[in-house]
Amino acid sequence: MAEPHHTAPPSSEQNRKVIRGKISKTIDRFERYPLLDIVWDQLIRRLMQRLAHVYGVSVEEQVMSKDILRFGQYMEDLPYPALLCVFQAREWHDLGLVVIDGGIAEANLEFLLGGDAEAAFDPEPRNATHLDKALARQLVNAVLAELGEAFTGARTEIGHVTMQCERIETSPQFATITRPQTPVFLARIQVDIGEAGRSGQIDVLLP
């Protein structure tokens, strides 16, 4: 009598691949939302002038990536150090997140406080101070003002959207705006400030 054939149970790695495949199929492609392309393009054009006025020097920007991903995935890969602004879109009764990295935080100290932009740049991570948070709030509110105008400019039917920073956090656990499995729209903006080589990233997330 032939021996019964036994199928080996799937390994844990195989199970993870299947789960990841199912999850990825439930996340829409960014290309399905052309309005967001218009919004991000308008945001970049508006920020070029707004941040040049804020910093008092020339500013160059470009969108490094536009994507849809799980909120938990983004938070797991969050770069350190970073300042996280939880903001509210009042008319939508929803929350969003703006994240600025250490490069932008250091540039804030130099340019917004009138420091020497030609001085040696210290890339070492450090704990954020109350001053860092105050300067970050000033910058983020400028970004959010232009983001709200970008949505209105992209489609007038949207109407006016008031977006305002509610709080600045340094720990991801205090910057949760939705469930880990919720898809979020992400725009990552590279910002180059002045001629001294100061640069950093600003991430904008919308559930």
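Couple of notes before you dig in:
- Ordered by solvent-accessible area of protein heavy atoms (1.4 Å probe), largest first, the residues R167, R90, R179, R198 come out as R179, R90, R167, R198.
- On full extension, the segment bounded by D77 and Q181 gains 36.0 nm, given 0.36 nm per residue less the C-alpha separation.
- Inter-label distance for E157 and Q173, nm, one decimal - labels placed 7 Å from Cα along Cα-to-Cβ: 4.4 nm
- In this structure V63 has an accessible area near 40 Å², from a 1.4 Å probe over the protein heavy atoms.
- Counting only protein heavy atoms and a probe of 1.4 Å, the accessible surface of segment 28-112 is 47% carbon and sulfur.
- Alpha carbon centroid spacing (whole Å) that separates segment 82-100 from segment 191-207: 17 Å
- Carbon + sulfur, % of accessible area of segment 159-207 - ligands and nucleic acids excluded, 1.4 Å: 45 percent
- Around R198: net Lys/Arg minus Asp/Glu count, Cβ-Cβ under 10 Å: -4
- Accessible surface of D37 - all protein chains present, 1.4 Å probe, nearest 10 Å²: 50 Å²
The values are calculated or read from the model by the stated rules, or taken from the named source; none is laboratory data. These figures come from a predicted structure and were not determined experimentally. Here Cβ is always computed from backbone atoms with ideal geometry, including for glycine, and neighbour counts include all displayed protein chains. In case anyone asks, the SASA skips ligands and DNA or RNA and just uses the protein heavy atoms, side chains included. Shrake-Rupley method; radii C 1.70, N 1.55, O 1.52, S 1.80 Å.
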